[in-house]
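Have a look at the structure below before the remarks.
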Amino acid sequence: MDSLKSYTHGPASGSKPEQLVILLHGLGADGQDLIGLAPILAEFLPHAVFVSPDAPYRCDMAPMGYQWFSLQEWTTESILRGVQQAAPVLDSFITGQIEDHGVTAAKTALLGFSQGSMMSLYAGPRYPEKLAGVVGFSGALIWEDNPDLAALHKIPIHLVHGDADTVVPPSAYQHAREALEVSGFTVTGGMTPGLAHNIDEAGIKGAAAFLKRVLG
């Protein structure tokens, strides 16, 4: 399924894309929400194309917007089930975008915010080919209790979370970082003092530097 409506920016250089960054929005937003980051990121990655899709389902908690999965039942089991159901849709979208833009998986990265971060952290390491890396803003690690670590690609992960986040608690950042590092992932990023459930300028620049490094 590569039928998700999406928004595209770049490459800023005007040349054929050399890298691909897929931006995954949070609950109740749409693809236009994160494509606004693309012009800033493109200053660091002028040869990259940025693609931001609408999530596959209409949001069931707001009159507008989309969701990757429902959060009406906020339990670990329900969220994991939702992530697992949406992952094949995201995988198909990634594959379609890689083919459409003529890049490789090794030159493709995911960047997600909140629910989009949860999707990125789940699907990124499980994608059939090894991706370049994942940026997760204000998200959480939604995994099985005992994931098959041998089957996961240990790609670089960059996590950013505000210590004033009242939507996804800062403890989710600590859990994600610890679990990923124990599982063999290299994790960069950090906690931002005073930041709520949002993305600030410092976070964008840090993510841009990470993407530039992993995408080459």
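Just so it is clear, none of the values below were taken in a lab; they were calculated from the coordinates. Keep in mind it's a predicted model, so treat the numbers as computed, not measured. No Cβ is skipped: glycine too gets one built from the backbone with ideal geometry, and neighbour counts run over all protein chains shown.
Taken about its Cα centre, the chain carries a charge dipole of about 520 debye when Lys and Arg each add +1 at the Cβ and Asp and Glu each add -1 at the Cβ. Summed over qualifying helices (DSSP H, 4 residues or more, each -39500 (n - 2.57)) and divided by its residue number, the chain shows a 222 nm mean residue ellipticity of -11000 deg cm²/dmol. By other beta-carbon atoms within 10 Å, ranking Lys107, Lys205 with the fewest at the front produces Lys205, Lys107.
Count the DSSP beta bridges whose two residues both fall in the chain, then state the antiparallel fraction as a percent rounded to the nearest 5. Show your work: numbers first, answer last.
Numbers: 7 of 31 bridges.
Taking every DSSP beta bridge with both residues in the chain, the antiparallel ones total about 25 percent.
How many angstrom separate the Cα center of segment 172-214 from the Cα center of segment 75-144? Value for the Cα centre distance between the two parts: 16 Å. Arranged from fewest to most other beta-carbon atoms within 10 Å of their beta carbon, Thr75, Thr108 become Thr75, Thr108.
D for the chain, whole µm²/s, Stokes-Einstein with Kirkwood Rh over alpha-carbon pairs at 20 °C and 1.002 mPa s: what number? Stokes-Einstein gives a translational diffusion coefficient of 127 µm²/s.
Arranged by the count of other C-beta atoms within 10 angstrom, fewest first, what order do Trp74, Trp68 take? Display every interim value, and only then the final one.
Details: Trp74 8, Trp68 28.
Starting with the residue having the fewest Cβ neighbours, the order is Trp74, Trp68.
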